[in-house]
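Here the structure is laid out as C-alpha cells; the discussion comes afterwards.
Every read-out reported here was derived from the displayed coordinates using simple, explicitly stated rules and does not represent laboratory data. Just so you know, these numbers come straight off a predicted model, no measurement behind them.
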Amino acid sequence: MPGGTPVQRQWILVLRNGVVVVDWGDGLFQDVDNGEFVQVEQTEISHSAQNLELEMLKRSSRIQSYDASQAWFINLPERPAQLMD
C-alpha cells in the first residue's frame, strides 16, 4: 500500500490556468504545488485530474502513486482545523 495522504481522485481538480488543487470541501481548496489554501470560484474549475496530470505530479514528486480511485500525496500540509469555542 502506498504511503502519503490518500485523496480520492474526484477531489483532485485542474483549474483553467493549469493549477492542480485538492477540494477539501466547504469551499477549501489546496494548491498541490505550494500547499497553500486558496479560494476557487466554480467557474475556475476545468476538470478532474486525469492520468496525464497525475503522472506529471508523480514525476515532480508531489504524489507517490495513484490508481483508478485515489492518489497518495507526499508532504501536503494539514487542513486547518477550526477550534471549538
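From the P(r) of the chain, could you give the percentage of C-alpha pairs in the tail past 16 Å? Working shown, then result.
Working: 1722 of 3570 pairs.
Of all Cα-Cα pairs in the chain, 48 percent lie more than 16 Å apart.
Computed over the Cα atoms of the stretch 25-73, what is the convex hull's projected area averaged over all directions, in nm²? Kindly include the intermediate steps, with their values, before the conclusion.
Working: hull surface 15.3 nm².
Quarter of the Cα hull surface area: 3.8 nm².
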